[in-house]
1. From the list V63, V16, V7, exactly one residue is hydrophobic (A, V, I, L, M, F, W, C), modelled with pLDDT under 85 and either under 21 Å from Q123 (Cα atoms) or touching a Lys or Arg at 6+ places or on another chain (Cβ under 7 Å) (or both). Which is it?
2. In segment 90-121, how many are in a loop (DSSP other than H, G, I, E, B), touching a residue at least 12 places away in the same chain (Cβ under 8 Å), under 24 Å from V66 (Cβ atoms) and among the charged types (D, E, K, R)?
3. Could you say whether any residue in segment 69-87 is over 15 Å from the mean Cα position of the chain (by Cα), of a type in the set (S, T, Y) and assigned to a strand (DSSP E or B)?
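The values are calculated or read from the model by the stated rules, or taken from the named source; none is laboratory data. Treat the numbers as computed from the prediction; the structure is a model and nothing was measured. Cβ: placed from backbone, ideal geometry, glycine included. Neighbour counts: every protein chain shown.
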Amino acid sequence: MKNTIKVLGIIALAAVIGFSMSGCFDEEENVELDGTTWERENMEDSYVLTFDSLNYQLYYSSVFGVSRTLHSGTYSISGSTVTFTIENNGGDGYYVVGSTMTAKVSGNTLTFSDRDEGIYKKQ
């Protein structure tokens with residue numbers, strides 16, 4: 001009887017350790033962006049982010065008739081993290097050609113982690 005209780009205790013301890021370790025791993029979702037469009041609303045301004053193959057384009061337009069590409073380039077994905085490499089800054093010195101930005105994708109939301117690029121919703 002004493003050995004049975006000891007064996008059950010060891011099994012219970014192993015189960016607790018196993019379940020606690022399984023909760024530690026944070027699996028990232030695999031993200032597919034090719035052919036998708038994302039939009040950020042900012043009062044009267046609209047920002048549209050499009051993905052085609054491994055290229056992206058961020059387009060800006062306002063109700064005042066101002067429309068242009070803010071920047072474009074290539075992107076890569078690792079789990080749910082997207083890294084943007086700017087290859088064309090749309091003539092704006094704010095975005096430096098060759099620099100990178102990162103964003104996280106979660107479901108239908110893409111959130112930039114650097115700069116104030118905002119939160120985009122999948123269309």
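1. V63
2. So the count comes out to 3.
3. Looking through segment 69-87, at least one residue is over 15 Å from the mean Cα position of the chain (by Cα), of a type in the set (S, T, Y) and assigned to a strand (DSSP E or B).
Rundown of residues vs (1) touching a Phe, Trp or Tyr at 6+ places or on another chain (Cβ under 7 Å); (2) surrounded by 14 or more Cβ atoms within 10 Å (Cβ to Cβ); (3) at positive phi, yes/no style:
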site	(1), (2), (3)
D52	no, no, no
L58	yes, yes, no
V82	yes, yes, no
D92	no, no, no
A103	yes, yes, no
G107	no, no, yes
D114	no, no, no
